[in-house]
1. Within the set of pairs 6+ apart or on separate chains, which have a first residue in segment 13-32 that is over 13 Å from Trp104 (Cα atoms), a second that is in a loop (DSSP other than H, G, I, E, B) and at pLDDT below 85, and C-beta atoms under 8 Å apart?
2. Just the residues that are open to solvent by 20 Å² or more (accessible area, probe 1.4 Å), assigned to a loop (DSSP other than H, G, I, E, B) and closer than 16 Å to Gln13 by Cα, please, taken from segment 62-114.
3. Restrict the check to segment 95-104 and report whether at least one residue is among the hydroxyl-bearing types (Ser, Thr, Tyr), in contact with a Gly (Cβ under 9 Å, 6 or more places away or on another chain) and at pLDDT 95 or above.
4. Please verify whether segment 36-53 includes one or more residues that are out of contact with any helix residue (DSSP H, G or I) (no Cβ under 9 Å at 6 or more places or on another chain), within 13 Å of Ser100 (Cα to Cα), aromatic (Phe, Trp, Tyr) and modelled with pLDDT of 95 or more.
5. Does at least one position in segment 5-13 carry a residue that is open to solvent by less than 20 Å² (accessible area, probe 1.4 Å) and under 15 Å from the mean Cα position of the chain (by Cα)?
6. Could you tell me which of the residues Ser27, Ser53, Ser21 is assigned to a helix (DSSP H, G or I) and surrounded by 13 or more Cβ atoms within 10 Å (Cβ to Cβ)?
Amino acid sequence: QVQLVESGGGLAQPGGSLRLSCAASGSVFNFGAMGWYRQVPGKQRELVARISSGGMTGYGDSVKGRFTITRDNAKHTVYLQMNSLKPEDTAVYYCNSIPSIPGWGQGTQVTVSS
């Protein structure tokens, strides 16, 4: 059974930081590549950061240089360190494998506002 539990969201000021965590069931984590996605109302979910099973990372242009994705294979956990936050980063953030599989978690809300 797929299980993805995201946490760590909240309210941050522009320029601030947040660290998101995603606890993934073994069946998802062992899939290989994992990613952080985000979605705002009325828009499609977008992939913002990805990490391979070996630790190679990739980022969307909008977050490159500000976000860092890491993973702890022993804990089946993926992290997203978000620095220099901007109001346009406001969204619900989700983690999933790449490619994504059915069974999305509840996500964690990130709101960037002064």
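1. As it stands, the answer is Ser27/Gln1; Ser27/Val2, since those pairs meet every condition given.
2. Answer for segment 62-114, where residues must be open to solvent by 20 Å² or more (accessible area, probe 1.4 Å), assigned to a loop (DSSP other than H, G, I, E, B) and closer than 16 Å to Gln13 by Cα: Arg66, Asn83, Ser84, Lys86, Thr90, Ser113, Ser114.
3. Within segment 95-104, none of the residues are among the hydroxyl-bearing types (Ser, Thr, Tyr), in contact with a Gly (Cβ under 9 Å, 6 or more places away or on another chain) and at pLDDT 95 or above.
4. Within segment 36-53, one or more residues are out of contact with any helix residue (DSSP H, G or I) (no Cβ under 9 Å at 6 or more places or on another chain), within 13 Å of Ser100 (Cα to Cα), aromatic (Phe, Trp, Tyr) and modelled with pLDDT of 95 or more.
5. Within segment 5-13, one or more residues are open to solvent by less than 20 Å² (accessible area, probe 1.4 Å) and under 15 Å from the mean Cα position of the chain (by Cα).
6. Ser27
The values are calculated or read from the model by the stated rules, or taken from the named source; none is laboratory data. The structure displayed is predicted, hence computed values, not measured ones. Neighbour counts are summed over all protein chains in view; Cβ atoms, including those assigned to glycine, are modelled from backbone coordinates with ideal geometry. Note: areas computed on protein heavy atoms with side chains; ligands, DNA, RNA excluded. Shrake-Rupley method; radii C 1.70, N 1.55, O 1.52, S 1.80 Å.
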